[in-house]
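S.K.: Let me give you the structure first, and then I'll get to my questions.
The values are calculated or read from the model by the stated rules, or taken from the named source; none is laboratory data. What you are looking at is a predicted structure, and each value in this text was computed from that prediction instead of being measured. Cβ coordinates were reconstructed from backbone atoms using ideal geometry, including for glycine residues, and neighbour counts include every protein chain displayed. Protein only, heavy atoms only, side chains kept; ligands, DNA and RNA dropped before computing areas. Shrake-Rupley method; radii C 1.70, N 1.55, O 1.52, S 1.80 Å.
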Amino acid sequence: GDLDKVVNLLLSLSGRLARVENVLSSLGENANSEERSSLNEKRKLLAGQHEDARELKENLDRRERVVLEILSNYLSEEQLQDYQHFVKMKSALLIEQRELDDKIKLGQEQLKCLMESL
């Protein structure tokens, strides 16, 4: 359960950080300095939160290694490999699910815009 939460947190913060950086980079030279300052503050806050989330992931990885060590005393080599595969695939599938959800959301927004333009 912790893995799901931490991976989703990292993905969410990464996406938000990327959006803020994209907006900052697309601001023209004559952009409002207050808006630019606000976006820079938001970027700093998100970057700090992202770093905190990375530390959570590192702690989770350490806990995973401890659990793996304990399980190695109780599981066969094949069962242990299955467990490791499950943990790796769970993260990969969470990331893929998030990407698909984002694509679906984008497609729905595009469809809505097309319907409104008709």
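S.K.: Which order do Met89, Met115 take by accessible area at a 1.4 Å probe, largest first?
M.R.: The most accessible residue leads, giving Met115, Met89.
S.K.: Taking the Cα centre of the stretch 8-118 as the origin and placing charges on Cβ (Lys, Arg +1; Asp, Glu -1), which of Val67, Leu100, Gln49 is farthest toward the positive end of the dipole?
M.R.: Selected residue: Gln49.
S.K.: Which part of the stretch 83-104 falls in the paramagnetic zone of Leu111, meaning amide N under 13 Å from the point 7 Å along Cα-to-beta-carbon?
M.R.: Only 103-104 fall inside the zone, counting backbone N under 13 Å.
S.K.: Carbon and sulfur atoms: what percent of the 1.4 Å accessible area of the chain do they account for?
M.R.: Summing carbon and sulfur atoms, their accessible area is 52 percent of the total for the chain.
S.K.: Please work out the FRET efficiency for the pair Lys88 and Lys42, using the Cβ-Cβ distance as r and a Förster radius of 35 Å; give the result to the nearest 0.05.
M.R.: Here the calculated transfer efficiency is 0.60.
S.K.: List, in order, the whole-Hz ³J(HN,Hα) value for each residue of the stretch 7-21 obtained from phi through the Karplus relation with A = 6.51, B = -1.76, C = 1.60 and θ = phi - 60°; use x for Gly and Pro.
M.R.: Here the 3J(HN,Hα) series is 5, 5, 4, 4, 5, 5, 5, 4, x, 5, 4, 4, 5, 5, 5 Hz.
S.K.: Would you compute, from DSSP H runs of 4+ residues alone, the mean residue ellipticity of the chain at 222 nm, taking -39500 (n - 2.57) per run and dividing by the full residue count, rounded to the nearest 500?
M.R.: So the calculated ellipticity at 222 nm is -33000 deg cm²/dmol.
S.K.: Give the label of the value calculated from the structure for P(r) over Cα pairs in 10 Å bins from 0, in percent, choosing from (i) 12, 40, 33, 13, 1; (ii) 11, 27, 27, 20, 10, 4, 1; (iii) 14, 45, 32, 9, 0.
M.R.: (ii)
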